[in-house]
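The values are calculated or read from the model by the stated rules, or taken from the named source; none is laboratory data. Every value quoted in this text rests on a predicted model; they were computed, and no experiment measured them. Backbone-built Cβ (ideal geometry, glycine too); neighbour counts: all protein chains shown. Remember, those area values only see protein heavy atoms, side chains included, never the ligands or the DNA or RNA. Shrake-Rupley method; radii C 1.70, N 1.55, O 1.52, S 1.80 Å.
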Amino acid sequence: MSGGSLAFSGSVRGELRQAVLLVTIDNPPVNALSADVRAGLMAALDQVERSVEIRAMVITGAGKTFIGGADIREFGKPSVDPILPTVIERIEVFAKPVAAAINGAALGGGLELALACHHRIAAPVAQMGLPEVKLGIVPGAGGTQRLPRLAGIPAAIDLIGSGRSVKAAEASSLGIIDAVSKADLIETAIAAATALAGHDLRRTGSLAVPSAEPTDVEKARSKILKKVRGQQAPSEAIRLVEMATRAIAEGLADERDTFLRLRDSEQAAALRHVFFAERQASKVEGLDGIEPRPVETIGICGLGLMGSGIAVAALGAGYRVIGLDQTGEAAERGRQGIIALLERNLSSGRLDQAGFEAQTTRLSVTAQDLDLAPSDLVIEAVFDDLDVKVDLFRRLDRVLRPDAVLATNTSYLNPDEIAASTLHPERVLGLHFFSPAHVMRLLEVVRCGKTAPDVLATGLAVAKKLRKLAVVTGVTEGFIGNRIFSAYRREAEFLLEDGALPHEIDAALESYGFPMGLFAVYDMAGLEIAWARRKRQAAGRNPSERYVEIADRLCEAGRLGQKAGRGWYAYNPDGKRQLDPEVTAFIENCRAEKGITPCSFTAEEIVKRLLAAMSYEGRRLLDEDIASRESDIDLVMINGYGFPAQKGGPMFAAQTPR
Ligand code: 3H9
């Protein structure tokens with residue numbers, strides 16, 4: 001029996017292929033399991049149940065996604081029947097075989113649906129995962145109970161606790177899928193489903209959880225928990241996975257309660273905000289229909305720490321890289337630094353031998369400007385000094401094609417001034433990477449006064465290929481991130497003068513969710529660069545503005561941070577941080593000189609003041625048109641400055657009661 005198309009709902013259609021109903025979920029953009037899809041799947045199951053001729057069912061997704069998960073836009077709204085667990089449980093106990101033909105991403109509820117099918121076959125490109133913890137929730141449709149039955153508890157803790165996804169080959173070796181299709185996915189799935197008809201079906205929920213060594217479970221658990229301070233979802237997910245050995249009905253009920261509780265939590269609301277913020281960030285005004293310039297070769301000027309990191313990111317994304325430094329020896333040192341970073345990726349397993357060789361052959365270094373001529377984009381990461389950068393851009397102007405794009409990685413200089421020194425300022429933009437550039441996800445893409453739309457589009461396209469999170473910013477000192485960071489820092493110093501001590505501020509920030517307190521971060525980074533900048537700015541400082549001298553006093557006393565053994569804290573020879581009464585004395589003296597009577601602050605008051613300072617500066621950036629939306633500011637602070645994602649960023653947090 002073969003037939004035409006059947007519509008089970010607006011987004012679920014079926015097609016009879018011999019005795020198998022091929023059900024396609026077609027709910028763009030990512031085939032999320034919206035109410036209409038769930039209803040359509042139930043109608044398809046009804047049809048298969050009723051029909052004598054249909055012996056099996058295959059579920060697949062239209063386009064390049066299998067199912068991107070539950071519809072996140074439905075969260076926070078009243079639930080609509082049938083709920084996803086009902087659909088999934090019906091599939092699992094269904095009398096006739098149901099197979100999943102996983103054509104692309106099967107995430108969250110999408111993978112949960114596949115886990116309940118009686119056979120899972122995936123295309124090699126398919127990607128599978130349960131990323132719910134990234135949204136502040138646990139899988140809510142059986143994932144925490146079915147995945148351990150297939151992959152074992154340690155692997156399930158790793159996947160669900162981290163939210164990472166795996167490609168088909170790894171999913172197969174973990175036992176998550178039955179096969180990777182080398183031939184036509186749909187035909188293979190139909191054949192597999194047909195072969196299962198009339199036989200006992202393997203129902204995931206009825207399988208025993210494979211036994212695991214307690215040490216493996218402990219290892220998997222502690223690996224996750226040490227990275228997720230302050231987040232509720234990962235530890236809840238791990239608890240559910242570890243308890244998967246009980247009766248499945250009990251496990252599913254606990255999972256559902258936990259899912260509903262977390263779904264309505266502040267953390268989940270904040271992380272949903274972050275999820276949509278990331279999608280919004282790529283939508284940039286004025287770029288509709290603008291084609292980026294093609295980029296295959298990237299020139300990188302300055303092969304220090306930053307330049308090498310950028311080179312590693314670019315090589316990893318498949319670009320050809322030409323590195324330039326001042327002398328042959330410096331260029332060679334740069335090349336060795338880049339290779340050392342690649343070797344680290346090789347030994348950690350992030351890169352295989354073939355990838356390592358491919359990347360090293362795409363790298364060349366030079367001390368001759370002329371060798372940069374084939375570059376489609378040049379990124380400078382030289383010393384942050386205007387004269388140095390202007391000189392470099394003038395030289396580049398002479399050797400590059402007129403359509404090549406020029407990017408500056410300056411943190412504090414005015415890129416408009418750098419652009420003005422070139423013959424074609426419209427081809428100049430800022431690409432402000434964060435260190436280490438091959439690790440940090442954030443990239444501020446600076447739209448200069450004269451940047452042409454296709455040049456900006458090129459910056460964004462390259463950022464995407466580098467797998468960076470790009471946020472567009474206008475020109476201002478420090479761009480979005482460092483402007484807010486300065487305001488935050490200033491307020492922290494006011495707090496010191498007003499009565500808080502560095503360790504109290506740090507403890508308040510850490511308990512709020514920052515990985516490290518501000519003063520501990522200063523010490524780690526070293527205090528001398530900021531000190532030098534303050535000295536340069538001293539002459540132009542408005543004398544009526546409040547200025548806190550404590551940091552200067554510390555630096556004058558040689559307390560330049562952890563490397564010096566003392567900064568805001570004192571350090572043991574093994575690097576352990578301790579309070580230092582000398583620092584308290586400096587602070588008390590500074591307060592006394594200004595006649596400030598110190599008051600005491602609770603952790604809550606400290607955080608409130610710091611958040612207010614950040615969000616106030618954020619509002620100014622919006623008013624000045626430097627940032628286009630609040631959510632962009634949140635992304636910058638989360639991805640570049642350690643702001644806890646589960647709080648949604650400073651702009652979101654300022655509007656949410658703590
Ligand atoms: C879950 O499943 C809970 C269950 O355990 C329990 C339930 C009871 N819903 O990323 P893109 C939108 S939780 C609604 O640029 P790509 C996105 O906002 C869910 N909308 O595409 C954007 O919209 P717009 C677990 C969604 O090709 C558009 O789709 N699942 C959803 O680069 C394109 O997105 C996840 O966490 C959704 N689930 O990547 C997976 N997903 O165009 C989250 C996307 O208006 N999704 N949108 O801005 C992803 O990781 C990626 O979107 C995916 C495609 C890999 C699928």
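Quick notes on this structure:
- For region 482-625, the Kirkwood estimate of hydrodynamic radius, built from reciprocal distances between every pair of different alpha carbons, is 15.9 Å.
- Helix 603-623 axis versus longest C-alpha principal axis of the chain: approximately 90°, rounded to the nearest ten.
- Anisotropy class of region 246-329 from Cα gyration tensor, a/c 1.5 cut: prolate
- Look at the Cα gyration tensor of region 212-353: its axes a ≥ b ≥ c give a/c of at least 1.5 with a/b at or below b/c, and that counts as oblate.
- With a 1.4 Å probe rolled over the protein heavy atoms of all chains, the accessible area of 628, 364 falls in the order 628, 364, largest first.
- Each residue was assigned an accessible area with a 1.4 Å probe, and for residue 52 the value is about 130 Å².
- One equal scatterer on each Cα of region 297-475, no solvent, Debye formula: the resulting log10 I(q)/I(0) at q = 0.08, 0.17 Å⁻¹ is -0.21, -1.00.
- With a 1.4 Å probe rolled over the protein heavy atoms of all chains, the accessible area of 454, 371 falls in the order 371, 454, largest first.
- Sites listed here are trypsin sites (Lys or Arg not before Pro) in region 483-551 whose DSSP assignment is loop and whose Cβ has at most 12 other Cβ atoms within 10 Å: 541, 546.
- Accessible surface for residue 264 stands near 100 Å², nearest 10, in the context of the full protein assembly shown (1.4 Å probe).
- Near residue 528: Cβ cut-off under 15 Å, other residues only, Lys/Arg at +1 and Asp/Glu at -1. The net charge is +4.
- Phi-based couplings in Hz for region 18-31 (Karplus 6.51, -1.76, 1.60; Gly and Pro marked x): 6, 9, 10, 8, 8, 9, 10, 8, 10, 10, x, x, 10, 6
- For 632, 385, the ranking by accessible surface with the largest value first comes to 385, 632, using a 1.4 Å probe.
- Heavy-atom surface of region 259-401, accessible at 1.4 Å and reported per residue (Å²): 50 Å²
- Estimated translational D of region 126-176 in µm²/s (Stokes, Kirkwood radius over Cα pairs; 20 °C; 1.002 mPa s): 200 µm²/s
- Relative packing of 336-346, 56-66, which averages over residues the other C-beta atoms within 10 Å, highest first: 56-66, 336-346
- Proportion of all alpha-carbon pairs of the chain beyond 47 Å (%): 26 percent
- Tilt relative to the chain, helix 84-93 - C-alpha long axis, 0 to 90 degrees, to 10: 40 degrees
- Cα long-axis angle, helix 453-465 against the chain (0 to 90 degrees, to the nearest 10): 60 degrees
- Solvent-accessible area of residue 521 with every protein chain in place, 1.4 Å probe, in Å² to the nearest 10: 50 Å²
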